[in-house]
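To start, the structure itself, in structure tokens.
Every read-out reported here was derived from the displayed coordinates using simple, explicitly stated rules and does not represent laboratory data. The model shown is predicted, which means the values in this text are computed figures rather than measured ones. All Cβ positions, glycine included, derive from the backbone under ideal geometry; neighbour counts span all protein chains shown.
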Ligand SMILES: NC(=O)c1ccc[n+]([C@@H]2O[C@H](COP(=O)([O-])OP(=O)(O)OC[C@H]3O[C@@H](n4cnc5c(N)ncnc54)[C@H](OP(=O)(O)O)[C@@H]3O)[C@@H](O)[C@H]2O)c1
């Protein structure tokens, strides 16, 4: 086992747990940190951050809930300052594509004095199978406030591969990898692919953002979460990200994984079976 300690913030999340799995398989010493670990790391409370950074050589940083929310840039600034003080040598930041506030957080990291790698990612495939959209897929109808805008969805496994390369191999410091999947899909295209490969009748329905927000309010979803949903589905999904990039190839020397391959593998796990 390597004597270096690599900290994974959000180590049980979609990308974090994949990074942890890969690093552990390589024999790296890994420390997971989030609200449920000991010591705990909570993005809303910096008082515990120093303890988590003690003895850390490098870190993977996935912010919660999103770098676009108020306070995120300041939080990244504080984390960078404490990391520099604690002698952390490399920070790998997961950033969001097409978000001005995320760019500001990236700038903060770039000027922190700590070596950095930025992974600026498009929307993940795994939103359909591990979080936000899973329930809709299982129920047979995914309802979202988005129309025919195209998104170059990316596999969280590709992001984890890049993070691990950046944390364990030379040549990634000072790099910003803007990463996407290999092709553009509408949300309807994505749902149709899942329906085709699972053999299920799964519909995609577009609703007006105002109606969607009203529905969330009725479900008593917290206001800051509703703000984020509105921001993501109006500003970020306004067509600005309707391009693919070669970021995965730049970082890994191979193409990104395709949505159809992810759907085939994920369908075989049974996660998309009808729950009714
Ligand atoms: N989903 C996408 O399509 C997409 C695309 C581009 C970028 N991103 C960015 O990816 C990041 C999220 O990464 P992910 O999807 O890998 O994570 P995730 O699946 O959202 O995982 C959540 C992780 O964060 C921890 N967490 C939740 N709230 C926390 C808090 N207040 N303080 C500290 N830890 C907290 C959770 O553990 P505990 O519950 O134990 O705290 C868990 O380990 C966000 O910054 C997002 O903007 C996402």
Diffusion constant of the stretch 121-247 at 10 °C, which comes from Stokes-Einstein with the Kirkwood Cα-pair radius and 1.306 mPa s, µm²/s: 99 µm²/s
Separation between Cα centres of the stretch 199-276 and the stretch 105-179, rounded to whole Å: 12 Å
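Could you grab the relative contact order for the chain? Cα pairs under 8 Å, six or more apart, rounded to a whole percent.
18 percent.
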Rounded to 5, the percent of DSSP beta bridges in the chain classed as antiparallel: 10 percent
Reciprocal mean inverse distance between Cα atoms of the stretch 162-222 - Kirkwood radius, Å: 16.0 Å
If the convex hull is drawn through the Cα atoms of the chain, its volume per residue in Å³: 132 Å³
Solvent-free Debye scattering, log10 I(q)/I(0), computed from the Cα coordinates of the stretch 228-276 at q = 0.13, 0.22 Å⁻¹: -0.60, -0.90
Helix-only [θ]222 nm of the chain, DSSP H runs n ≥ 4, -39500 (n - 2.57) each, per residue, nearest 500: -11000 deg cm²/dmol
Candidates 109, 232, 23, ranked by Gaussian network fluctuation over the chain, Cα under 10 Å, top entry: 232
D_trans [Stokes-Einstein, Kirkwood Rh over alpha-carbon pairs] for the stretch 53-155, 4 °C, 1.567 mPa s, µm² s⁻¹: 85 µm²/s
Additional length obtainable on full extension of the chain from residue 250 to residue 38, 0.36 nm per residue less Cα span: 72.7 nm
Choice from 57, 238, 261 showing the highest fluctuation, given a GNM over the chain with Cα pairs closer than 10 Å: 261
Cα-based Kirkwood hydrodynamic radius, the stretch 102-158, one decimal, Å: 14.0 Å
Net lengthening on full extension, residue 219/residue 29 (0.36 nm per residue, minus Cα-Cα): 64.2 nm
The stretch 1-71: radius of gyration and largest Cα-Cα distance (Dmax), Å: 12.1, 40
Calculated SAXS-style log₁₀ I(q)/I(0) at q = 0.23 Å⁻¹ - the stretch 195-276, Debye, Cα scatterers: -1.03
Pairwise FRET efficiency - residue 268 versus residue 135, Cβ, R0 = 22 Å, nearest 0.05: 0.65
